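Comments concern the structure below.
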Amino acid sequence: MLERLGYQVTVRTSSIEALKAFSASSDKFDIIITDMQMPNMSGDKLANEITKIRPDIPVLLCTGFSETMSAEKAESLGINGFLLKPIGRKDLSHKIREVLDKK
């Protein structure tokens with residue numbers, strides 16, 4: 001979906017692998033999009049680790065129903081955008097643009 005919108009995408013299904021990829025070349029990323037439920041490390045913890053490496057990187061957190069995460073809590077953690085699943089292409093593209101434009 002993101003490639004069809006014109007973005008170059010790096011995909012990792014493990015938060016540990018995502019963190020390694022980001023650590024190896026953090027300057028090659030413009031935004032991080034993560035899910036709250038990731039193997040090995042939750043999305044909010046991944047966001048925290050990533051922003052330790054590069055505090056200016058925008059992070060968009062996606063989740064299904066979550067009693068532990070809300071848009072307000074995500075914002076208080078320094079996460080720049082929050083989307084609830086299911087996520088349509090229009091909502092995702094608008095939120096990405098919104099987060100990148102704030103940068």
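The values are calculated or read from the model by the stated rules, or taken from the named source; none is laboratory data. None of these values were measured; they are calculated from a predicted model. Here the Cβ is made from the backbone with ideal geometry for all residues, glycine too, and neighbour counts use every protein chain on show.
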Name the single residue that is modelled with the lowest pLDDT among those in segment 1-22 being part of a helix (DSSP H, G or I) and touching a helix residue (DSSP H, G or I) at 6+ places or on another chain (Cβ under 6 Å). 15
Of all the residues that make up segment 75-96, how many are within 19 Å of residue 56 (Cβ to Cβ) and not in a helix (DSSP H, G or I)? 6
Among (1) surrounded by fewer than 18 Cβ atoms within 10 Å (Cβ to Cβ); (2) modelled with pLDDT of 95 or more, there is one condition residue 39 misses while meeting the rest; what is its number? (2)
Looking at (1) part of a loop (DSSP other than H, G, I, E, B); (2) surrounded by fewer than 19 Cβ atoms within 10 Å (Cβ to Cβ); (3) in contact with a Leu (Cβ under 6 Å, 6 or more places away or on another chain), which is the one condition that is false for residue 49? (1)
Restricting attention to segment 70-103, which residues are of a type outside the set (Lys, Arg), farther than 23 Å from residue 49 by Cα and touching a Cys at 6+ places or on another chain (Cβ under 8 Å)? 87
